[in-house]
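Colleague: My structure is below; once you've seen it, I'll send some questions.
The values are calculated or read from the model by the stated rules, or taken from the named source; none is laboratory data. Keep in mind that what you see is a predicted model, and the values were worked out from it rather than measured. Cβ coordinates were reconstructed from backbone atoms using ideal geometry, including for glycine residues, and neighbour counts include every protein chain displayed.
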Amino acid sequence: MKKYLLTLCIISMLRAQDKHATDLFFLSKMPAAVEEINPIDVISYDVDMTLDLQNEKISGHVRMEIKLLDPTAPSFYIHLTTPRIAKAMLNGDEISFLHAADKVYFTLLSPAEDITLDIDYSGTPGNDGFGGFYFQDSYAYTIGQGLNSTIPSMLRHWIPSHDVPHDKATVDMRLTVPAALEAFANGSLVTSVTHNSTKTVHWRETHPIATYLIAIAVGHYTILRSTYRSISGDSIPLEFYVYPEHAAAAANDWKNLPQMMGFFEHHFAPYPFDRYSMAEAFNRGAMEHQTMTTYSYQLITGDNRYDYIMAHELAHHWWGDLVTLADWREIWLNEGFATYSEALYFESLYGDDYLAEYMNALLEIYLAEVVRRGHFPIYNPDYLWGGTIYQKGAWVLHMLRWTIGEDAFWRTLQSWAHRFAYGNAFITDFIRLAEEQSSQDLDWFFDQWIYQAGYPDFDIIWDYRLNDKRTWSVTIEIRQQQWQNFPFRAPIEIEFEFAGGSRLDTLISSAAYQTFQIELQNEPYALHLDPRNWLLKQYDLIFSPSLPDAQPNDFYLAQNYPNPFVTGSQTSIVYQVAQMDSPHQMSIQVYNILGQRVSTLFDGPLHGGIYKAVWDGKDMAGRTVPSGVYFYRLQSAEKTYERKLVILEK
């Protein structure tokens, strides 16, 4: 075992010494209306399962090694839905049981600490329309999370289990299938033995695994193989199990996986498992089963368009599989982290500007969900699988990165991976860790972004004047107009643009209404809000005084001033962008009388508001244009406005 994995094992052993108290703490945190308290800790599962693909049934035996957290407890339960139990044995003696809904209850006749539960069962495995067990033609596969179930754990549909995320265990899985088929599960391959028309394949996952991450994939697969050299020194097998007709496309889609693995290893921690694989299936989307991501046939296109999904599922092997949420109310620890990992990976490839664009795309997805589902917090959310958890969740990490700084942010993620390796954690654990690594009190940050709903919506009004000191006094009014009755504390980066330069400042908005005064040495002709896109927000930016003959939802182009102006000086152009449906793609361009473009003053997206552009009378090559008549044009996707200006010789 390499040094890194040895270190993680030591950490796990230290955590295991207090595992009894830790598990009781997990149980105390579970909402009683959702899950009954259950005094067991499963140490291991040993499963023998035979798949009857023709009749779409399974039969099997599972042995569970269990520690009783309360040795005096009178009873306990496990989860199971449609398959039926034929016989149950407790420490070698047959035991009666009660199967009610998705739970099987057992009564203990005497106190015990360690028990062995053996179960024979069979039947038709179930699903919730997304997660669960599926037969499809000559294939069978499972999805560990259900999108349509109040409790999304899906192992209960095909294996008797303590199907809660905080009870991680090791797993041995023996699958008996038709000899012509391949059969895969979590961990590493132990044996594959053929018996005439069937074969039994034994997979073993020695690292603790949450039940929702246990999976199988059975069918006529073509196997793509390669090896990744980890920064820990280990050789990690990489495998892709694909339908034969998709092998060529899959090979191309798969080519960037080692690069993704390298980025996550260098920025998070060495890859923490013995293998990484993906299994094609007839599902929708993808699911990060430990060591074996299930990947939809719809995502295999041969052109890498779904690299972001591949990166997302791989990132889960740190955020979700290595460090696992303690209960489903903490789902941000899985999905927000994996979504931001996509953005971090693409930032490493394409730079800061691409990161800003990626975060804008995530923002639009989140805002669209707000329209459909309304506002709700990230913690204990109304809906676990949408924009609030994934996209807003990614934004919370993005804002944390800016708030505590690059070094503290990366130390926080790396410490998160090491300190809670192979275990479970709560959001409060992450908060404490971020505070430790940054030496900051971050209650204000997480209270508003995790435990409260919504986001700040600003009206920002600004103006300036030349003062007695021959400097420029800027007045900025910030109004928070969001639907909540509390203001966000929001550090807002602003950028003033001058002829030939710019200046960054940061304002702290923390009330419904605030006014700020800033003194500048040069006349500003533009103010940009959050130019590097670090803050989740909506806003209207308004240059004051407003235009008397323009309506709020109109585009408007004012006459430049001064007009005429002389060569060697500059003129200002004030224009308005409609607030409705903003941001709009806008451009301000200058043309000569022949219709030839002379200069582009602005080209990009703008939120609703009043803006000012400045032209210094030079063309795109930086040369002073001849005196004469020119035209300047405001153009959006909806409308075009044009006015005339005149330049005179100096």
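Colleague: What residue, among those in the range 464-517 that are part of a loop (DSSP other than H, G, I, E, B) and surrounded by 16 or more Cβ atoms within 10 Å (Cβ to Cβ), is modelled with the lowest pLDDT?
Modeller: Let us first name the residues in the range 464-517 that are part of a loop (DSSP other than H, G, I, E, B), namely 467-471, 481-489, 499-500, 510-512.
Keeping just the survivors that are surrounded by 16 or more Cβ atoms within 10 Å (Cβ to Cβ) gives 482, 487-488.
On the way: 482: 89, 487: 92, 488: 94.
Here the residue is 482.
Colleague: Ok, one more. Go through (1) more than 23 Å from residue 554 (Cβ to Cβ); (2) surrounded by 15 or more Cβ atoms within 10 Å (Cβ to Cβ); (3) of a type in the set (A, V, I, L, M, F, W, C) and name the single condition residue 593 misses.
Modeller: All conditions are met except number (2).
Condition check ((1) in contact (Cβ under 8 Å) with a residue 24 or more places away in the chain; (2) assigned to a strand (DSSP E or B)) across all residues:
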position: 50; (1), (2): yes, yes
position: 55; (1), (2): no, no
position: 66; (1), (2): yes, yes
position: 72; (1), (2): yes, no
position: 76; (1), (2): yes, yes
position: 87; (1), (2): yes, yes
position: 96; (1), (2): no, no
position: 117; (1), (2): yes, yes
position: 135; (1), (2): yes, yes
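Colleague: Name the residue, out of 539, 561, 575, 556, that is crowded, with 20+ Cβ neighbours inside 10 Å, over 32 Å from the mean Cα position of the chain (by Cα) and not hydrophobic (A, V, I, L, M, F, W, C). Before you say what the answer is, go through the steps one by one.
Modeller: Working: 539 fails: over 32 Å from the mean Cα position of the chain (by Cα); 561 fails: crowded, with 20+ Cβ neighbours inside 10 Å; 556 fails: crowded, with 20+ Cβ neighbours inside 10 Å.
After ruling out the rest, the residue left standing is 575.
Colleague: Consider residue 520 against the criteria (1) free of Cβ contacts under 8 Å to residues at least 60 places away in the same chain; (2) under 26 Å from residue 451 (Cα atoms): it satisfies all of them except one. Which criterion is unmet?
Modeller: (2)
Colleague: List the number of the failed condition for residue 221; all other conditions in (1) crowded, with 20+ Cβ neighbours inside 10 Å; (2) within 30 Å of residue 425 (Cα to Cα) hold.
Modeller: The failed condition is (2).
Colleague: Please verify whether residue 533 is surrounded by 16 or more Cβ atoms within 10 Å (Cβ to Cβ), part of a loop (DSSP other than H, G, I, E, B) and modelled with pLDDT of 85 or more, treating the condition exactly as stated.
Modeller: Values: surrounded by 16 or more Cβ atoms within 10 Å (Cβ to Cβ): yes; part of a loop (DSSP other than H, G, I, E, B): yes; modelled with pLDDT of 85 or more: yes.
Yes; evaluated as a whole, the condition is true for this residue.
Condition check ((1) free of Cβ contacts under 8 Å to residues at least 40 places away in the same chain; (2) part of a strand (DSSP E or B); (3) within 30 Å of residue 510 (Cα to Cα)) across all residues:
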site	(1), (2), (3)
554	yes, no, no
563	no, no, no
568	no, no, no
572	no, yes, no
587	no, yes, no
605	yes, yes, yes
629	yes, yes, no
646	no, yes, no
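Colleague: Is it the case, given these coordinates, that residue 447 is out of contact with any strand residue (DSSP E or B) (no Cβ under 7 Å at 6 or more places or on another chain) and not in a helix (DSSP H, G or I)? First the steps, then the outcome.
Modeller: Numbers: out of contact with any strand residue (DSSP E or B) (no Cβ under 7 Å at 6 or more places or on another chain): yes; not in a helix (DSSP H, G or I): no.
Answer is no for this residue.
Colleague: Would you please name the residue that is nearest to the chain's Cα centre (by Cα), looking only at residues in the range 328-379 that are in contact (Cβ under 8 Å) with a residue 60 or more places away in the chain and outside any helix (DSSP H, G or I)?
Modeller: Among those residues, the one meeting the criterion is 378.
Residue-by-condition table, conditions (1) at pLDDT 95 or above; (2) closer than 18 Å to residue 140 by Cβ:
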position: 170; (1), (2): yes, no
position: 179; (1), (2): yes, yes
position: 183; (1), (2): yes, yes
position: 188; (1), (2): yes, no
position: 191; (1), (2): yes, no
position: 196; (1), (2): no, no
position: 199; (1), (2): yes, yes
position: 205; (1), (2): yes, no
position: 210; (1), (2): yes, no
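Colleague: Separate question: Can you tell me which residue within the range 119-133, out of those that are of a type in the set (A, V, I, L, M, F, W, C) and outside any loop (DSSP other than H, G, I, E, B), is nearest to the chain's Cα centre (by Cα)?
Modeller: Going through the range 119-133, the residues of a type in the set (A, V, I, L, M, F, W, C) turn out to be 119, 130, 133.
Add one more test, that the residue is outside any loop (DSSP other than H, G, I, E, B), and what stays is 119, 133.
Numbers: 119: 38, 133: 25 Å.
The residue in question is 133.
One line per residue, one yes/no per condition, for (1) hydrophobic (A, V, I, L, M, F, W, C); (2) touching a strand residue (DSSP E or B) at 6+ places or on another chain (Cβ under 8 Å); (3) assigned by TED's automatic domain parsing to the domain that holds residue 350; (4) under 22 Å from residue 338 (Cα atoms):
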position: 166; (1), (2), (3), (4): no, yes, no, yes
position: 185; (1), (2), (3), (4): yes, yes, no, no
position: 208; (1), (2), (3), (4): no, yes, no, yes
position: 218; (1), (2), (3), (4): yes, yes, no, no
position: 245; (1), (2), (3), (4): no, no, no, no
position: 271; (1), (2), (3), (4): no, yes, no, yes
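Colleague: To continue, here is another question. List the pairs whose first member sits in the range 201-216 and is at positive phi, whose second member is surrounded by fewer than 24 Cβ atoms within 10 Å (Cβ to Cβ) and assigned to a strand (DSSP E or B), and whose Cβ atoms are under 9 Å apart, counting only residues at least 6 apart or on separate chains?
Modeller: Correct list of pairs: empty, since none qualify.
Colleague: So how many residues does the range 518-530 have that are surrounded by 13 or more Cβ atoms within 10 Å (Cβ to Cβ) and either outside the structural domain of residue 474 (by TED's automatic domain parsing) or not in a loop (DSSP other than H, G, I, E, B) (or both)?
Modeller: First pass over the range 518-530, keeping only residues surrounded by 13 or more Cβ atoms within 10 Å (Cβ to Cβ): 518, 520, 522-530.
Now restrict to residues that are either outside the structural domain of residue 474 (by TED's automatic domain parsing) or not in a loop (DSSP other than H, G, I, E, B) (or both): 518, 520, 526-529.
Of the residues in that region, 6 qualify.
Colleague: Looking only at the range 385-402, filter to residues that are small (Gly, Ala, Ser) and at pLDDT 95 or above; which one of those is surrounded by the fewest Cβ atoms within 10 Å (Cβ to Cβ)? Spell out the reasoning first.
Modeller: Applying the first criterion (small (Gly, Ala, Ser)) to the range 385-402 yields 386-387, 393-394.
Restricting the remaining residues to those that are at pLDDT 95 or above gives 387, 393-394.
On the way: 387: 23, 393: 27, 394: 29.
That would be 387.
Colleague: Failed condition for residue 416, given (1) out of contact with any Phe, Trp or Tyr (no Cβ under 7 Å at 6 or more places or on another chain); (2) under 26 Å from residue 263 (Cβ atoms), with all others met?
Modeller: Only one criterion in (1) out of contact with any Phe, Trp or Tyr (no Cβ under 7 Å at 6 or more places or on another chain); (2) under 26 Å from residue 263 (Cβ atoms) is unmet by residue 416, namely (1).
Colleague: Can you pull out the residues in the range 403-430 that are at positive phi and buried (at least 19 other Cβ atoms within 10 Å of the Cβ)?
Modeller: Initially, the range 403-430 is screened for residues at positive phi, giving 405, 422.
If the condition is that a residue be at positive phi and buried (at least 19 other Cβ atoms within 10 Å of the Cβ), then 422 is the only one that fits.
Colleague: Looking only at strands (runs of 3 or more DSSP E) that fall completely inside the range 149-218, which ones have 1 or more residues that are of a type in the set (Val, Ile, Thr) and surrounded by fewer than 20 Cβ atoms within 10 Å (Cβ to Cβ)? Working first, answer last.
Modeller: Numbers: elements: 169-178, 182-185, 188-195, 198-209.
Filter on the range 149-218 gives 169-178, 188-195, 198-209.
Colleague: Among the candidates 86, 100, which residue alone is over 26 Å from residue 279 (Cα atoms), among the aliphatic types (A, V, I, L, M), surrounded by fewer than 18 Cβ atoms within 10 Å (Cβ to Cβ) and in contact with a Ser or Thr (Cβ under 8 Å, 6 or more places away or on another chain)?
Modeller: Working: 100 fails: in contact with a Ser or Thr (Cβ under 8 Å, 6 or more places away or on another chain).
Result: 86 is the single residue among 86, 100 that is over 26 Å from residue 279 (Cα atoms), among the aliphatic types (A, V, I, L, M), surrounded by fewer than 18 Cβ atoms within 10 Å (Cβ to Cβ) and in contact with a Ser or Thr (Cβ under 8 Å, 6 or more places away or on another chain).
Colleague: With respect to residue 421, determine if the residue is at pLDDT 95 or above, assigned by TED's automatic domain parsing to the domain that holds residue 342 and either of a type in the set (Asp, Glu) or part of a loop (DSSP other than H, G, I, E, B) (or both). Quick ask: steps written out before the conclusion?
Modeller: Working: at pLDDT 95 or above: yes; assigned by TED's automatic domain parsing to the domain that holds residue 342: yes; either of a type in the set (Asp, Glu) or part of a loop (DSSP other than H, G, I, E, B) (or both): yes.
In short, yes.
Colleague: Right, another one. Restricting to the range 111-137, name every residue that is of a type in the set (Asp, Glu) and within 15 Å of residue 155 (Cα to Cα). Spell out how you get there, then give the answer.
Modeller: First, the residues of the range 111-137 that are of a type in the set (Asp, Glu): 113-114, 118, 120, 128, 137.
128, the sole residue that qualifies.
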